[in-house]
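Beneath this line is the structure, given in C-alpha cells, with notes to follow.
The values are calculated or read from the model by the stated rules, or taken from the named source; none is laboratory data. These numbers come from a predicted model, not from an experiment. Positions of Cβ are generated from backbone atoms using ideal geometry, with glycine treated the same way; all protein chains shown enter the neighbour counts.
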Amino acid sequence: MSMKGKKNETGEADKIIRIFDTTLRDGEQSPGCSMDLNEKLEVARLLEKLKVDVIEAGFAVASKGDFDSVKAIAAEVKDCSVASLARALEKDIDAAYGAVKASAHPMIHTFIATSPIHMEYKLKMTPEQVVKHTEEAVKYAVKYCSNVEFSCEDATRSDRNFLVSVIQAAIKAGAKVINIPDTVGYAAPEEMHELIMFLKNSVPDIDKVCVSVHCHNDLGMAVANSLAAVRAGATQVECTINGIGERAGNAALEEVVMAINTRRHFFGAVTNIETTRLYRASKTVSRIVGNQVAPNKAIVGRNAFAHEAGIHQHGVLAHRSTYEIMTPESVGIMSSGAIVLGKHSGRHGFANKLESMGYSMSGEEIDEAFSVFIALCDKKKEVTDADIDAIVQTKAQAAHDTYKLKNFVVNSGNSIVSTAIISLSYDRPKTVTKEGDADVMEEMVVEEIAKGDGPVDAAFKAIDKMLEWDISLDDYIIRSVSEGQDALGEVMVKVSSGGKRATGRAVSTDIIESSILAYINAINKLCVMSGE
C-alpha cells in the first residue's frame with residue numbers, strides 16, 4: 001500500500017500519515033461526553049472539513065441509537081471513509097456494514113483481544129481460538145466491504161510472537177489496515193517504537209497494508225507513543241479532538257497533527273489535515289460535550305500562544321520564531337480578538353466575518369445570529385471574536401429546542417429567601433376544528449414560582465416544578481467568554497434524569513439568564529434522548 005506524499009527539500013517523498021478520528025466512538029465513551037444525533041452530525045461535518053481520512057462514527061451494534069447515528073453520518077459524509085467498530089462476531093459485523101454501507105467510502109473495523117489477561121479473563125479463549133476467530137471475522141467482513149481494519153486489542157501487553165500469528169491471519173484473510181492499540185496506556189515511547197519495528201520486520205506482507213496505532217493516555221504518553229510509532233513506520237494514527245476518550249483519554253488529534261506538521265523533516269511525514277480548522281474543531285467539540293479545554297493545553301489552550309515573561313515578550317516582538325515554533329494562524333487562531341463590527345454594521349459585513357472565522361451557515365442561520373449580534377451590541381462596548389463564537393454556538397444548540405424561556409423574575413439578597421418566577425413556552429398541535437389543520441401548532445406557556453438557596457437554585461427548582469421531572473444537577477460551571485465588566489458569561493451544566501445524562505450551555509451578559517438558559521438547554525437534550 002503506497003503512502004507516499006509530497007516531496008521534501010531532498011527530493012524524497014514524505015510519507016502521508018492517515019488520521020483516523022474516533023471522537024464519535026471512543027471519544028463519546030468518555031463519561032459525560034455523550035452526544036445526540038444532531039451534535040454527532042455537526043462533529044462529523046467538522047471532521048470532514050478538517051480532512052481526516054477516516055471518521056469512526058460509532059459502535060453500530062451497541063444500540064439502535066448508535067446504529068442510526070452511524071447510518072446518518074455515513075449517508076452525509078462524502079469526502080472521507082466512515083467506519084463502525086465491530087467485535088469479531090458476525091452479528092456485530094452485520095450491524096457495522098448495515099450502518100456504513102451508504103457511505104461513499106465504507107469501512108468495517110473489527111477487533112479481538114490478544115493479551116494473555118484479556119484472553120483468559122474476558123474472552124475465555126485459547127490463543128489458537130483467537131487466531132481462528134480473527135481469520136473468520138476478517139473473511140466475513142471482507143465479503144461485505146474490501147476496506148477492513150483489524151485491531152489487536154491490548155496489543156502492547158500481548159506476546160509479540162503471538163501478535164505476529166494473529167496479524168498474519170488477519171492480512172491473509174483480507175484486512176487492509178492492521179491496528180496496534182495501546183488499549184490501557186501502558187507503553188512507553190521506546191517500547192512502542194520497538195514493537196512497530198518488530199512487527200514490520202517479522203510479519204510477512206505487512207508492507208502491503210497500512211499499519212495503525214491507537215494509544216490511550218493513562219500515563220500521559222498517548223501522543224508520544226503515537227509519534228514514536230510514526231517514526232518506526234506506522235502510517236495511520238487513531239486519535240480524538242482534544243484527546244477525549246475512555247479514562248484519561250486518547251492521543252489528541254491536534255497535537256499529533258501539529259507535531260508532524262511542525263517537525264516534518266524529523267518525521268519525514270505529512271498529513272492531509274487542514275490545520276487552520278483545528279482551533280475551531282477543538283472549540284466545537286468542547287462546547288458540545290461540555291468539557292473545557294485546559295488553558296495550558298498544547299496547540300488549542302488559551303495560553304498556548306500567550307507570553308507573559310518580559311524576556312519572552314521582548315523576543316517575540318523582535319521575531320516571533322524566538323519563542324513560537326508555529327503561528328496561532330496556522331491552527332486557526334486569529335491574531336486579533338476584537339472585530340471591527342458594531343451596532344451599525346450591516347448583515348453583509350457580519351456574514352463576511354463569520355466566513356473569515358470558518359463558519360459555513362445558511363442565510364436563515366446568519367439572519368438569526370445577526371439579530372442576536374445587534375442585540376448584544378446594545379449591551380457591550382466591544383464585541384469580540386469570542387462573543388461571535390458564543391452567539392453562533394448558542395444559536396446552533398437552540399435549533400431543536402422543545403422548551404424556550406419566555407421570561408423570568410428573580411428576587412434575591414442576603415436578608416431574604418431567594419425566589420424565582422419562570423415562564424417557559426412550548427409548541428403543541430392545535431385543536432383540530434376542520435380538515436387540514438392537524439399540522440398547525442400553537443404556543444403554550446407554563447409558569448411556576450419556587451424558593452431556593454440563591455437565585456440560580458430557585459430558578460432551577462421552578463423549572464423542575466413545572467416539568468415534574470426528577471432532575472439531578474451534577475455539575476455547574478461559570479466562566480467569562482471575553483474580558484471586561486460587560487463580558488458575556490458562559491454557564492455549563494450537566495444534569496441527569498432516568499439514567500440519561502445531558503450537558504447544557506448558554507451565554508448572556510446576565511449570569512442568571514445564562515444559568516437558566518443552560519439548564520433549559522440540558523433539559524431539551526433530555527427530551528430528545530427520551531423521544532419527547
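Odds and ends about this structure:
- Within segment 326-355, considering residues that are at pLDDT 70 or above and exposed (fewer than 11 other Cβ atoms within 10 Å of the Cβ), the one farthest from the chain's Cα centre (by Cα): Gly346
- For Ile478, the conditions (1) among the β-branched types (Val, Ile, Thr); (2) without any contact (Cβ under 8 Å) to a residue 40 or more places away in the chain; (3) part of a helix (DSSP H, G or I) all hold with the exception of (3).
- Complete set of residues in segment 221-255 that are within 22 Å of Ile288 (Cα to Cα) and either assigned to a helix (DSSP H, G or I) or polar (S, T, N, Q) (or both): Thr240, Ile241, Asn242, Gly243, Asn250, Leu253, Glu254, Glu255
- Checking Val61, Val131, Val70 one by one, the residue that is closer than 28 Å to Tyr186 by Cβ, under 29 Å from the mean Cα position of the chain (by Cα), among the β-branched types (Val, Ile, Thr) and not in a strand (DSSP E or B) is Val61 and no other.
- Qualifying residue in segment 70-78 (condition: touching a residue at least 12 places away in the same chain (Cβ under 8 Å), touching a Pro at 6+ places or on another chain (Cβ under 9 Å) and either under 15 Å from His109 (Cβ atoms) or not small (Gly, Ala, Ser) (or both)): yes
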